[in-house]
Amino acid sequence: MRVLVVGSGAREHALCWTIAASPLLEKLWCAPGNPGIAAVAECVPIGVLDFSELVAFAQDNQIDLVVPGPEAPLVAGLTDAMAAGGIACCGPSMAAAQLEGSKTFTKEIADAAGIPTAKWERFEDADAAREFIRRRGVPIVVKADGLAAGKGVVVAATEDEALSAIDAIMDARIYGDSGAAVVIEECLVGEEVSLFALCDGETALLLGSAQDHKRVGDGDTGPNTGGMGCYSPVPAFPPGLEQAAFDRMIRPALAEMVRRGTPFRGFLFAGLMLTDDGPKLIEYNARFGDPECEVLMLKLKSDLLPALQAACDGELRYFDLRWNDTAAVAVVMAARGYPEAPERGSIIRGLDKAGAVPGVMVFHAGTMADVDGTIRAAGGRVLTICGTGTTLAEARDAAYRAVALVDWPEGFCRGDIGWRALGRA
Ligand code: AMP
Ligand code: GLY
């Protein structure tokens, strides 16, 4: 098969690394990719939203399958554009990607399918939203209805915080039209976990789960990020509970999407809160998680490529994926200043030594290479360093041994990834 992965993060590096190992692969490309991905795929300098160029490239190179990583091109209709060009794409249509693109849509699907989730209301009028917040009291959660690069959510502990969120989202429109409406929700309490499935419209295949660490600082302090590290398996989410959550939160959502005439294909990500009343849905994402993808790909024993093709062809019901009985821990290294204003351009050394630690894989995200091969920081999240082992503690220790070998004074990471399972070191 001739395969094109779309994206340039550590998630896409992990997908490329996995697909590159498939005996079914003839050639792998990645658009636009990064210097780490360049070791396993040919990188082509096309942006993830340049649909006409992506489709033309796929046609010219007889691509059999496109595998999109990030949500932005999916929500903007990459799968539809590929379909119109006669190219198979393992992602949701623009209509199905609304599951991620709109908070209201997610909540409507959850309510229609009887999926447990936080109580919610939607407001298009800022004054009505403020009035509701004053009436309901805190804690309360305010969300921009549309996409906001993972930032449009405020978990407000005080009324002032909640009201300021309305000012910023609805009046100042800091996320543009994504703030034309807000969803205001009951605040859920518990441990968060990310649950993943591969879907072909009708059938969902469980890909497993991981626990992410969203705050930038140790002890879960500081602003939210795309994720600073994660681990799998999650002891607080044992296989029985994982399967029950899959049956309760994924299958009914797929059935509801079919009923609406917008079947969901591709990676489906359910963000859950493990509350005292059982798992509740926080959100869906129409894509794999990052860094969750990295740890799950390290645990995957089966060939991913035929499953991705089956997801496109509607034949996942014949599939079964096998997993290594190992633990994996991902530690994200970010550029100083992340998430507000990451510094670009600093030199990163020692990646070969880090990658040589037994059980370790180094995935690149925001990196760039000079002509002489020198690696520099070129984004917020820059590397995902993954350790594997027979236990979570072993996996974590391997990951941090590798982190210590990365010579990058301008980078930082959290020192406590896995703390809910392992305690603080
Ligand atoms: P979202 O973009 O919907 O995933 O929200 C980002 C983060 O906000 C989640 O990962 C949670 O940590 C938090 N969050 C969202 N909704 C709720 C809720 N109803 N209760 C508590 N925390 C929430
Ligand atoms: N790590 C969470 C996400 O991918 O959104």
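For the reader, a short list of remarks on this structure follows.
- At 1.002 mPa s and 20 °C, Stokes D of the chain from Kirkwood alpha-carbon radius, µm² per second: 98 µm²/s
- Computed lengthening from residue 371 to residue 319, 0.36 nm per intervening residue step minus Cα-Cα distance: 14.4 nm
- Segment residue 128..residue 50, full-extension length gain: 24.2 nm, with 0.36 nm per residue of separation and the alpha-carbon distance subtracted.
- Remark: relative contact order (the chain) = 16 percent; criterion is Cα-Cα distance under 8 angstrom and separation of 6 or more residues.
- Cα gyration tensor shape for region 79-189, rounded if a/c is under 1.5, else prolate or oblate: prolate
- Cα centroid separation, region 101-142 to region 339-361 (Å): 40 Å
- Cα-based convex hull, region 282-364, per residue volume (Å³, whole number): 171 Å³
- Karplus-derived 3J(HN,Hα), 6.51/-1.76/1.60, for each residue of region 99-113, Hz, glycine and proline x: 4, 9, x, 9, 5, 4, 4, 4, 5, 5, 5, 4, 5, 5, 9
- Protection proxy ranking of 5-14, 231-240, 365-374, 84-93, by the mean of other Cβ atoms within 10 Å over each peptide's residues and highest first, is 5-14, 84-93, 231-240, 365-374.
- Residues whose amide H lies under 5 Å from that of residue 89, counting only those 5 or more places away or on a different chain, are 66; hydrogens are built 1.01 Å from N in the peptide plane.
- Of 280/301; 107/280; 107/143; 119/151; 151/214, those spanning more than 19 Å from alpha-carbon to alpha-carbon: 280/301; 119/151
- Cα-based Kirkwood hydrodynamic radius, region 121-170, one decimal, Å: 10.8 Å
- Across region 151-157, computed HN-Hα scalar couplings (Karplus, 6.51 cos²θ - 1.76 cosθ + 1.60, θ = phi - 60°) run 10, x, 10, 10, 8, 9, 8 Hz from first to last residue, x flagging Gly and Pro.
- For region 128-224: rounded, prolate or oblate by the Cα gyration tensor [a/c cutoff 1.5]: prolate
Each reported figure results from applying straightforward, stated rules to the coordinates on display, with no laboratory input. If you're wondering where the values come from, they're calculated on a predicted model, not measured in any experiment. Cβ coordinates were reconstructed from backbone atoms using ideal geometry, including for glycine residues, and neighbour counts include every protein chain displayed.
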